Amino acid sequence: MIIRNCFELLSELTELERKVQEKQELLEQLGVEVDCEELLLQFISKQRAL
């Protein structure tokens, strides 16, 4: 059960990473640079504070 949950989480993270990469490429084409790692760290920090 735990292994399956970990696999599902890994699958979701992989899909999320793919989507973020697509959006980041689109933004770069528009001339916008975004530090996704920094944004993710900020989001995680805010979620932990709740």
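Restricting to DSSP H runs of at least four residues, report the calculated mean residue ellipticity at 222 nm for the chain, -39500 (n - 2.57) per run over all residues, nearest 500 deg cm²/dmol.
Rounded to the nearest 500, it is -29000 deg cm²/dmol.
In whole percent, how big is the carbon plus sulfur part of the accessible area of the chain, probe 1.4 Å, protein atoms only?
C and S atoms contribute 61 percent here.
Which angle between 0 and 90 degrees, to the nearest 10, do you get for helix 2-29 versus the longest principal axis of the chain when only C-alpha atoms count?
Between the helix axis and the principal axis of the chain, the angle is about 0 degrees.
Along the positive direction of the dipole of the chain (beta-carbon charges: Lys, Arg +1; Asp, Glu -1; about the Cα centre), which of 43, 30, 2 reaches farthest?
2
How charged is the neighbourhood of residue 28? Take every other residue with its Cβ under 13 Å from the Cβ of residue 28, and add Lys/Arg as +1 and Asp/Glu as -1.
-3
Which three numbers, in whole Å and largest first, are the semi-axes of the equivalent ellipsoid of the chain derived from its Cα gyration tensor as √(5λ)?
So the three semi-axes of the chain are 26, 17, 5 Å.
Restricting attention to the chain, which GluC sites (Glu not before Pro) occupy a DSSP loop and are surrounded by at most 10 other Cβ atoms within 10 Å?
Listed in order of number, the matching sites are 33.
Report residue 26's accessible area, 1.4 Å probe, all protein chains in place, as a number in Å² to the nearest 10.
Here the residue's solvent-accessible area equals roughly 90 Å².
Calculate the dipole size of the chain relative to its Cα centre from +1 charges on Lys and Arg beta carbons and -1 charges on Asp and Glu beta carbons; express the result in debye to the nearest 20.
With Lys and Arg at +1 and Asp and Glu at -1, about 340 debye.
The values are calculated or read from the model by the stated rules, or taken from the named source; none is laboratory data. Bear in mind the structure is a predicted one, so any value in this text is a computation, not a measurement. Methodologically, a virtual Cβ is constructed for each residue, glycine included, from the backbone with ideal geometry; neighbour enumeration extends over all protein chains shown. These accessible areas exclude ligands, DNA and RNA; they are computed on the full protein's heavy atoms, side chains included. Shrake-Rupley method; radii C 1.70, N 1.55, O 1.52, S 1.80 Å.
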